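**Q** Got a structure for you, questions after.
The values are calculated or read from the model by the stated rules, or taken from the named source; none is laboratory data. Treat the numbers as computed from the prediction; the structure is a model and nothing was measured. No Cβ is skipped: glycine too gets one built from the backbone with ideal geometry, and neighbour counts run over all protein chains shown.
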Amino acid sequence: MSRTPRIVSGWNIRLLNRLLAHLDQYDPDTKRLLGIGYAQGQAKFLDMQGKASDLFSRDNCPLYPFAQKWASIDLTPFDNSEITTIEEHIKRKWADISAETAGEQYTPSDVIDLASALIVELRREGKGCAGIADV
């Protein structure tokens, strides 16, 4: 596929504008969490707007080809439950990969749910479990 940089950057600009317009529709708390609509230097939890702008400013922006590949996948044979399972698998895989590179640990949500249920049950039975470290 040969595309001139001008066409690719035009696609990047349109995709960035669509992404930012989509993110701008979120409620104020979510926008605050994601770092949407904040002035430069203002405190925020994440910097989704800044990261997206940085990626789109690169000559080899990976987001458009990535979005194109995802858009080409036919998910119609799957029901909502299967889509959710696929999504959870992708999140776990990504978390495992990023934890390896960042030296961090990731605990899957089902493990957290299990540990929480055990704590509640142990407390209900009067076994004196104080917290997750005791499980």
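**Q** Going by the structure shown, is Trp70 over 25 Å from Leu33 (Cα atoms) and aromatic (Phe, Trp, Tyr)?
**A** Yes; evaluated as a whole, the condition is true for this residue.
**Q** List every residue pair whose Cβ atoms lie under 7 Å apart, where the two residues are 6 or more positions apart in sequence or sit on different chains, the first residue falls within the stretch 77-97 and is within 20 Å of Ile112 (Cβ to Cβ) and surrounded by 11 or more Cβ atoms within 10 Å (Cβ to Cβ), and the second residue, located anywhere, is modelled with pLDDT under 85 and not charged (D, E, K, R).
**A** Going by the 7 Å Cβ cut-off, the qualifying pairs are Arg92/Pro108; Ala95/Tyr106; Asp96/Tyr106.
**Q** How do the pairs read when you match residues in the stretch 57-74 that are among the aromatic types (Phe, Trp, Tyr) with residues anywhere that are surrounded by 10 or more Cβ atoms within 10 Å (Cβ to Cβ), using Cβ under 7 Å and keeping only pairs 6 or more apart or on different chains?
**A** Tyr64/Trp11; Tyr64/Asn12; Tyr64/Leu15
**Q** Moving on. When residues of the stretch 48-83 are filtered for being part of a loop (DSSP other than H, G, I, E, B) and at pLDDT 80 or above, how many remain?
**A** The qualifying residues number 8.
**Q** Residue check: is Asp27 surrounded by fewer than 13 Cβ atoms within 10 Å (Cβ to Cβ) and at pLDDT 80 or above?
**A** yes
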